[in-house]
1. Which residue pairs have Cβ atoms closer than 7 Å, lie 6 or more positions apart in sequence or on different chains, and pair a first residue in the range 20-44 that is free of Cβ contacts under 8 Å to residues at least 60 places away in the same chain and farther than 18 Å from Leu7 by Cα with a second residue that is in a strand (DSSP E or B) and not basic (Lys, Arg)?
2. Right, Ala110: free of Cβ contacts under 8 Å to residues at least 24 places away in the same chain and aliphatic (A, V, I, L, M) or not?
3. Can you tell me how many residues within the range 109-120 are assigned to a helix (DSSP H, G or I) and open to solvent by less than 20 Å² (accessible area, probe 1.4 Å)?
4. Restricting attention to the range 46-61, does a residue exist that is modelled with pLDDT of 95 or more and over 26 Å from Glu114 (Cα atoms)?
Amino acid sequence: MPTPTNLTIRQQSKVLEIAFDDGAAFSIPFELLRVYSPSAEVKGHGPGQEVLQVGKRDVGIRGAEPVGNYGVKPLFTDGHESGIYTWDYLYKLGNEQDRLWQDYLGRLHAAGYEGDSGRDAQAVPPPGRHGGGCGGH
């Protein structure tokens, strides 16, 4: 698997830029990183236990901690700090971000959010929804 040659957190544009030794380079939006966090808080502890993340449009990253030689732990401004992003996972997020983004928007729509309203900080579950997978953290 490729290894990173550069990693830059762009606060103003809210993207993590990462380049790899195979020539691939990606700009991954903070929001995408946050909603696809590899943490148990987001992924759950098994298939079907994923928690839909809402209200993350404006999430920032206030820092990042290296994790051995294999990854990084972003420190998000919403308090989420438990996801360890391996280089392999960041490569996957960057390489598949268009498909992942569409999947995320589809899941918001399936949960009853109109348009991309589930991305807004003030997003609340639509009427008739009882949270089932619409965690806000």
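1. Pro38/Tyr85
2. Numbers: free of Cβ contacts under 8 Å to residues at least 24 places away in the same chain: yes; aliphatic (A, V, I, L, M): yes.
Yes; evaluated as a whole, the condition is true for this residue.
3. The total comes to 1.
4. Yes, the conditions are met somewhere in the range 46-61.
The values are calculated or read from the model by the stated rules, or taken from the named source; none is laboratory data. Computed from a predicted model, the values in this text were never measured in an experiment. A quick note on method: Cβ atoms are made from the backbone with ideal geometry, for glycine too, and the neighbour counts reach across all protein chains shown. In case anyone asks, the SASA skips ligands and DNA or RNA and just uses the protein heavy atoms, side chains included. Shrake-Rupley method; radii C 1.70, N 1.55, O 1.52, S 1.80 Å.
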